[in-house]
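The structure under discussion appears below in the form of structure tokens.
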Amino acid sequence: MSDAPTREELRDLKASAARKARRLKSMTLGAQLQYSPPKETTAHHGETVTVLRAPRSDVKSPTARIQFAGGTKISVPVHHLRPLPPGALYRPSQPTPEDPPSVQDARSRPAWERLLNVIDELVEAEQTGQPREPLDANVRHRLAQLAGMVSPRGTPADEKGALAAQLRVYAELDAQRRHAVRPGRAGYPLQPAQRLPKPTDRLDSPEWLDQEQRRMINTVARCIHLRYFISDRAERHALRVPSHVRAALRAAGRSEDRAVEQPSPSQPRASELHLVAADSYRFMVADALEVCQYLAVGKTREAQVLLQQQQAARVRYALTTRQIEALRPLSHTGRFFHGDILSVRDERPEDADAGNPDASGMSQYYTRLTIVYAQDGYSLTVANAPELEAQTATVAGEDAWKDLCRWITDTSQRRDGKKQGRRQDDDGELVYRENEGSLRLRDNISEQYPRLVAALEVVRRSLEAQGSDVLGSEIPENHPARGFHPAVENNEKKGGT
């Protein structure tokens, strides 16, 4: 019998690893959770705790180091921790009843918030390697002042020192909690909410759109499909090595029997794990076919010897595949495209043939379309959908934006074509196709994405909206400005004077 895991066992192992990763995702350093052991009679049951050490994902029974509000620190299994119920986040202005009166008095003073800010600067200095002695002295000085404020008159100096040490423990805990619940990436404060105007027009059916609007919707879909977004990534100025220097390096490497050729960005070299997995699979299949041939002619001894090699290749392939799956990211975060400003260019060269040469040219539009990964890590969502609807006074509905995200995932290139998704051959007529002299909705769009046209119509209306949030300073100099640009005539040089 072979010790190699079966297909069902491998599937169960992958599912168990995925559940474990999702369970440990919220147990990061500084996170606030609820302590819920199996027995309700356990001490501190139901209290809010702070994670001091995140659990490891590479052990069979991971544990986390937590700290209670009173300062007690213990290590518990991860199944004793649960997410906090809604509305149970920490509020510094509402002290818990277990805190001493002196700590509650210190928290009610304005100097407490300034002390927490200095502690945040001290933690940042420790993480970046900057000198911490001046900030540590500032923290001790402020703690001594707070201890003198909350202590009764005539308290000895040694009791004030002990109170200052106690206040520091609570101040560091409050700073950790405040940093854990701070919204935004990298601890940026949440921007104040602005009341958006209520949309009045609802797009229930796209059949009333005229031919010009349908042509413009095709243009918007084509720009999204081809990723015509203004990139806001910082340019990397890499050193360009001349070709003759590269040729000399390759010649020197070949003379010493060393491979110095680097893989090109378009055809990257496979990793060692992928090569081992491919070789193991090839040997496994070839050995299995030879075993069948030996058994067909009655050579059982040779078949048994070759079967051991086939089983070893199968086990090696299964282990390597498991390692590759463990290294593969299960979820994505951030934006789907490389920017959030969509550039729409409407070219009309046919107007000159229709007898109106002044109308031939190009109209340039810009709008903000922020498409990010959802909380599940693989589906998409339009982050600024409410802003687009309020800006255009048009309601598309949540189902319309979901259809747009599914259409983008199904028909757009992802990661330079190296992952799922495909390119459309006729990208000029992605939504409406020309039939008998008019643009008509494609059958696959009406069946698979019935509300896609409503979302694209909101994007089309935002191109000409007056309250666009795309500033002129966000448009690079090498991009055309908003508005109409007439066609440049190509006057050929003729003979004469």
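Here is how the numbers come out for the structure above:
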| read-out | value |
| --- | --- |
| G70, sole failed condition from (1) in a loop (DSSP other than H, G, I, E, B); (2) exposed (fewer than 14 other Cβ atoms within 10 Å of the Cβ) | (2) |
| Some residue of region 25-43 being at pLDDT below 85, farther than 18 Å from E172 by Cβ and crowded, with 16+ Cβ neighbours inside 10 Å | yes |
| Cβ pairs under 9 Å, 6+ apart, first in region 154-179 and loosely packed, with under 13 Cβ neighbours inside 10 Å, second of a type in the set (S, T, N, Q) | E159/S151 |
| Unique match (being in the same structural domain as T381 (by TED's automatic domain parsing) and of a type in the set (D, E, K, R)) among D279, D346, D287 | D346 |
| Verdict on R65 being surrounded by 12 or more Cβ atoms within 10 Å (Cβ to Cβ) and either modelled with pLDDT of 80 or more or aromatic (F, W, Y) (or both) | yes |
| Matching residues, region 167-189, being modelled with pLDDT under 60 and in a helix (DSSP H, G or I) | R185, A186, G187 |
| The one condition in (1) modelled with pLDDT of 90 or more; (2) more than 30 Å from R22 (Cα to Cα) that Y317 fails to fulfil | (2) |
| Out of L115, L135, sole residue that is in contact with a helix residue (DSSP H, G or I) (Cβ under 9 Å, 6 or more places away or on another chain) and farther than 20 Å from A69 by Cβ | L135 |
| Criterion violated by A147 - all others in (1) surrounded by fewer than 17 Cβ atoms within 10 Å (Cβ to Cβ); (2) farther than 23 Å from T50 by Cβ; (3) in contact with a Lys or Arg (Cβ under 8 Å, 6 or more places away or on another chain) satisfied | (1) |
| Residue satisfying condition, being among the small types (G, A, S), outside the structural domain of E429 (by TED's automatic domain parsing), modelled with pLDDT of 60 or more and exposed (fewer than 10 other Cβ atoms within 10 Å of the Cβ), within set S255, S264 | S255 |
| The lone exception for T200 - which of (1) out of contact with any Lys or Arg (no Cβ under 7 Å at 6 or more places or on another chain); (2) modelled with pLDDT of 70 or more; (3) hydroxyl-bearing (S, T, Y) it fails | (2) |
| Neighbours by Cβ (under 7 Å, 6+ apart or cross-chain): first from region 59-76, not assigned by TED's automatic domain parsing to the domain that holds Y170; second surrounded by 15 or more Cβ atoms within 10 Å (Cβ to Cβ) and acidic (D, E) | F68/E47; A69/E47 |
| Close pairs from region 200-215: first within 17 Å of A390 (Cα to Cα) and surrounded by 11 or more Cβ atoms within 10 Å (Cβ to Cβ), partner modelled with pLDDT of 80 or more and not hydrophobic (A, V, I, L, M, F, W, C), Cβ under 7 Å, at least 6 apart | D201/T394; L203/T394; L203/E457 |
| Residue check, G30 at positive phi and in contact (Cβ under 8 Å) with a residue 40 or more places away in the chain | yes |
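The values are calculated or read from the model by the stated rules, or taken from the named source; none is laboratory data. On a predicted model such as this, the values are computed, not experimentally measured, just so you know. Quick reminder, even Gly has a Cβ in these numbers, built from the backbone with ideal geometry, and neighbours come from all protein chains shown.
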